[in-house]
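The values are calculated or read from the model by the stated rules, or taken from the named source; none is laboratory data. All figures in this text were calculated on a predicted structure; none of them were measured in a lab. Using ideal geometry, Cβ is built from the backbone for each residue, glycine included, and neighbour counts are taken over all protein chains shown. Heads up: the accessible areas ignore ligands, DNA and RNA and are worked out on the full protein's heavy atoms, side chains in. Shrake-Rupley method; radii C 1.70, N 1.55, O 1.52, S 1.80 Å.
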Amino acid sequence: PDLSRNIHAIPSVEVGFGDGTLLALNADLVYEFTELASGRWSFYAGGGPTITHYTHDGFDSTDIALSLVGGTTFEWRERRQFFAEVRAGLEDAPAFKVTAGLNFF
């Protein structure tokens, strides 16, 4: 939801697989840099609280932390956006993640 012209609340869910399983719930507030937008590209940065649950070989850990996020979106079709972002965790969040995907809303 839009809180103002440039500030948006962006909730998200992440699932990661590898040596273990990671589930992350993010509640980010981001600022969209409309002054840097070019054509169908836009850029954003912000952050917010993150709840993570990590499982590996019978070990479980659930933590609440803060993370910072920055990224870009590309308007592909009406109500469809490609995005790529970098997320840095503070405190007990994963230290660094790179994500790419497609928004349908």
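Local charge for Ile7 was computed over the other residues whose Cβ lies under 15 Å away, with Lys and Arg +1 and Asp and Glu -1, and equals -3.
The distance separating the Cα centre of the stretch 17-40 from that of the stretch 74-98 comes to 3 Å. Packing here is the average count of other Cβ atoms within 10 Å per residue, and on that basis the peptides 20-28, 52-60, highest first, run 20-28, 52-60.
Dipole of the chain, Cα-centred, from +1 at each Lys and Arg C-beta and -1 at each Asp and Glu C-beta, to the nearest 20 debye? Don't skip to the end; give the middle numbers.
Numbers: 7 positive and 14 negative charges, 108 e Å.
So the dipole magnitude of the chain works out to roughly 520 debye.
Solvent exposure of the chain, expressed per residue, is 66 Å² of accessible area, with all protein chains present and a 1.4 angstrom probe.
Counting protein heavy atoms only, the chain has 63 percent of its accessible area on carbon and sulfur, 1.4 angstrom probe. For P(r) over Cα pairs in 5 Å bins from 0, in percent, pick the label among [x] 2, 12, 22, 24, 21, 12, 5, 1, 1, 0; [y] 3, 12, 21, 24, 17, 12, 7, 4, 1, 0; [z] 3, 13, 24, 29, 17, 9, 3, 2, 1, 0 that corresponds to the value derived from the coordinates. Computed from the coordinates, P(r) over Cα pairs in 5 Å bins from 0, in percent corresponds to [y].
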